[in-house]
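What follows is a set of notes on a single structure, which appears directly below.
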Amino acid sequence: MNRNRLVVAIGLVAAAAILFGGFLSGRSQALTPAGEASKSTGIPDYFTTPNWANSPKLRKFVDTLPGVDSASANNLGQYIPLAIPDKLTYPGSDYYEIELGEYSEQMHSDLPVTKLRGYRQTNMGGSPFHYLGPLIIAQKGTPVRIKFTNSLPTGTPGKLFIPVDTTVMGAGPFEIDYLHRPFTTVGYVPDPVQTGMFAQNRATLHLHGGRSPWISDGTPHQWI
């Protein structure tokens, strides 16, 4: 490479480094205030800045892992409750009553308490809400029966507390003709079209890896 070409190449590399460095520093300066504001209030600004920019830097490995049952709670008080089976209500089966609700829990020492939706057992003495919900230990050959209750708030308080993409099927507006009407002597009467907005406090259960009858497998038509 001759001297002139070498000088041009060095100049291009230097220019690229300056541009790239300026881009990075500018991006960092632009997003730092949003991130700091999010950390101070505990409420991310979902709508005006990229979500990844709102996540404050977190220290790693400062909290111990939550264990099973209250005796194995970590330094934040987190633990996974162990569900207790009712073996008397339905002899030969393990029976649980599980409730879905809203609660608050601290997820990291450097973060404020945050709102969550999750599960707890309500029969057999009950258990408090904790992240991941109660642990059900199933035994081969023993059916598990669950009564599932949706106790999420209704109306405006029942709306999800994070942004919802209403363009996804099952969210936002709907138009359904699901009220079945039989044939009559004068012919078929079409179903009236039902319109509205899907609620954001709906829930359903679904099990992977088990032998569940279809009627209890959490199909798209089994919202509660």
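Please treat every number below as a calculation from the coordinates, not as lab data. Remember, it's a predicted structure, so these values are computed and weren't measured experimentally. We place every Cβ from the backbone using ideal geometry, glycine too, and count neighbours over all the protein chains shown.
Couple of notes before you dig in:
- Nitroxide proxy distance, nm - points 7 Å out along Cα→Cβ at Gln194 and Thr166: 2.0 nm
- Calculated FRET efficiency, Ser70 to Gln106, Cβ-Cβ distance, R0 = 22 Å: about 0.85 to the nearest 0.05.
- Peptides 127-133, 194-200 ranked from most to least packed by the mean count of surrounding Cβ atoms within 10 Å: 127-133, 194-200.
- Three-way shape call for the range 60-160 based on the alpha-carbon gyration tensor, with the a/c threshold at 1.5: oblate
- With a Förster radius of 35 Å applied to the beta-carbon distance between Asn150 and Phe61, the computed FRET efficiency rounds to 0.45.
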